[in-house]
Amino acid sequence: MIDDTNYADCLTLYNFNHVDKIKGKESFSYIFNDNINYIRSLYNRGKIRNITYDTIQKTILCGSIYLGYDLFVCPHCGNESIVPHKCHSKLCTSCGTKEAKLRAAHISSIALDAKHRHIVFTIPDLLRGYFIKDRSLLNLLFIAARNTLACIFNDAKYRKIKKKKIYLKKNKCPYSYKNDRNKIVFGSVLTLHTFGRDLKWNPHIHCLVCEEAFDTKKNKMKNFSFISYEKLRKTWMYQVLDLLSKQKLKHFRYLKQRFYDELVNGFYVYATMTTIMLMIASITTSRPPMAENRIIKYEDDKKMIRWWYNRHEDEKYIEVYESVENFINNLILHCPDENFKMVR
């Protein structure tokens with residue numbers, strides 16, 4: 001935790017005036033700093049977690065010498081140059097952009113030269129409350145998405161086993177088909193987003209999966225350009241509900257039966273084919289909940305903010321004018337737990 005009693009303690013050590021940065025009002029760091037008393041009151045009342053409070057402070061101090069700096073001195077002329085350290089926090093758009101470019105370059109370097117598919121796994125509104133009460137349950141979404149893909153790629157093999165009425169013993173491992181011989185080995189990158197375009201709590205998984213998989217039995221690559229959408233939706237629903245049912249959640253048994261009765265087509269899943277670089281740039285980064293360029297104007301005197309988003313259903317342009325306190329509450333809600341991997 002950063003000691004925020006006095007951010008400028010180290011200014012007396014050296015003259016850093018020439019490296020001060022003037023940030024605009026339409027930035028997270030300015031908005032957080034301008035409302036730091038409100039944020040402190042939330043923290044003192046136990047309304048926000050330690051990791052969230054720490055992330056907010058790092059975002060405010062990003063690019064300042066309080067987080068440390070590197071001093072370079074020319075041995076010939078004696079000129080000095082100071083490079084402040086960055087915060088690398090989950091709410092900083094500057095650090096998030098850099099991380100996105102580095103991650104995109106790394107994934108594109110190891111990805112196969114083949115067609116890829118972008119799949120979005122979503123959950124209904126009635127399930128989202130469980131994940132915000134217990135954020136450790138977000139890990140189950142990664143397992144469910146991985147198991148869904150494993151079932152899709154190994155569909156032919158296990159339909160044949162079922163037809164012969166050969167039933168496999170239940171495996172204690174939560175990952176389906178992990179320890180089975182002669183399985184189809186696939187490659188995918190999963191990214192968790194807990195936010196929608198309107199900043200509401202909406203946990204969902206973005207998946208980048210290669211349509212070429214390795215058949216260990218035949219020792220060759222196999223094409224999976226066709227994916228059954230019906231099986232994808234129903235398998236995803238089964239995997240999510242099955243994993244959650246083992247957590248002994250309150251009133252979940254009734255809710256599970258309701259989903260099977262009403263959602264006969266399964267949970268909503270979106271799958272499309274596009275260029276791999278576009279998918280990597282858009283989904284494989286644990287970016288902040290929104291970009292700062294979506295903030296139209298912040299009225300610091302009125303404590304009001306105006307921002308926009310394109311509605312997901314019809315891409316309609318929507319402007320939101322609300323209090324900055326409500327905006328901060330929705331924004332910091334999506335700060336992940338410490339050491340929680342958002343990309344796997």
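The values are calculated or read from the model by the stated rules, or taken from the named source; none is laboratory data. All of these numbers come straight from a predicted model, not from anything done at the bench. Glycine gets a Cβ as well: all are built from the backbone with ideal geometry, and neighbour counts include every protein chain shown. For the accessible areas, the whole protein counts, side chains as well, though only heavy atoms, and no ligand, DNA or RNA atoms are used. Shrake-Rupley method; radii C 1.70, N 1.55, O 1.52, S 1.80 Å.
So between Leu102 and Phe340, what do we pick up on full extension, going 0.36 nm a residue minus the alpha carbon distance?
Going from the current span to full extension adds 83.8 nm.
Assuming R0 = 35 Å, can you tell me the calculated FRET efficiency for the pair Met304 and His88, based on Cβ-Cβ distance, to the nearest 0.05?
0.70
For Asn265, what charge total do you get from the other residues with a beta carbon under 13 Å from its beta carbon, if Lys and Arg give +1 and Asp and Glu give -1?
Local charge sum for Asn265: 0.
Quick query: amide H of Cys87 versus all other amide H atoms, modeled in the peptide plane; which residues come in under 5 Å with a sequence gap of 5 or more or a different chain?
Under 5 Å from the amide H of Cys87: Gly63.
Just how far, in whole angstrom, is the stretch 183-210 from the stretch 87-130 if you go by their alpha carbon centroids?
7 Å
Which FRET efficiency value, to the nearest 0.05, do you get for Lys133 and Lys218 by plugging their Cβ-Cβ distance into 1/(1 + (r/R0)^6) with R0 = 41 Å? Kindly include the intermediate steps, with their values, before the conclusion.
Working: r = 46 Å, r/R0 = 1.13.
Calculated transfer efficiency: 0.35.
Can you compute the charge dipole magnitude of the stretch 208-344 about its Cα centre, using +1 on each Lys and Arg Cβ and -1 on each Asp and Glu Cβ, nothing else charged? Give it in debye, rounded to the nearest 20.
On the way: 23 positive and 19 negative charges, 177 e Å.
That gives a dipole near 840 debye.
If each of Glu80 and Asn293 carries a label point 7 Å out from its Cα toward its Cβ, how far apart are those two points in nm?
Roughly 3.7 nm, to one decimal.
Any idea how far apart Leu333 and Arg45 come out in nm if each label point goes 7 Å out from Cα toward Cβ?
1.6 nm
Around Asp337, what is the net charge, scoring Lys/Arg as +1 and Asp/Glu as -1 over all other residues with Cβ under 15 Å from its Cβ?
Counting the neighbours of Asp337, the net charge comes to +3.
By accessible area of protein heavy atoms, probe 1.4 Å, what ranking do Cys62, Cys74 get, highest first?
Values: Cys62 10, Cys74 45 Å².
If we order Cys62, Cys74 from most to least accessible, we get Cys74, Cys62.
Only residues of the stretch 317-336 count here: report those whose backbone N is under 20 Å from the spot 7 Å along Cα→Cβ of Asp198, or say none.
317-335
Going through the cross-link list Lys25/Lys302; Lys25/Lys101; Lys234/Lys341; Lys200/Lys316, which pairs have a Cα-Cα distance over 19 Å in this structure?
Details: Lys25/Lys302 13 Å; Lys25/Lys101 26 Å; Lys234/Lys341 26 Å; Lys200/Lys316 17 Å.
Pairs exceeding the cut-off: Lys25/Lys101; Lys234/Lys341.
Using 0.36 nm per residue, how much length does the chain from Ile36 to Glu262 gain when fully extended, once their Cα-Cα distance is taken away?
76.8 nm
Could you point to the residue in Ala111, Pro124, Ala100 farthest towards the positive end of the stretch 60-125's charge dipole, with +1 and -1 charges on the Cβ of Lys/Arg and Asp/Glu respectively?
The Cα lying farthest towards the positive end belongs to Pro124.
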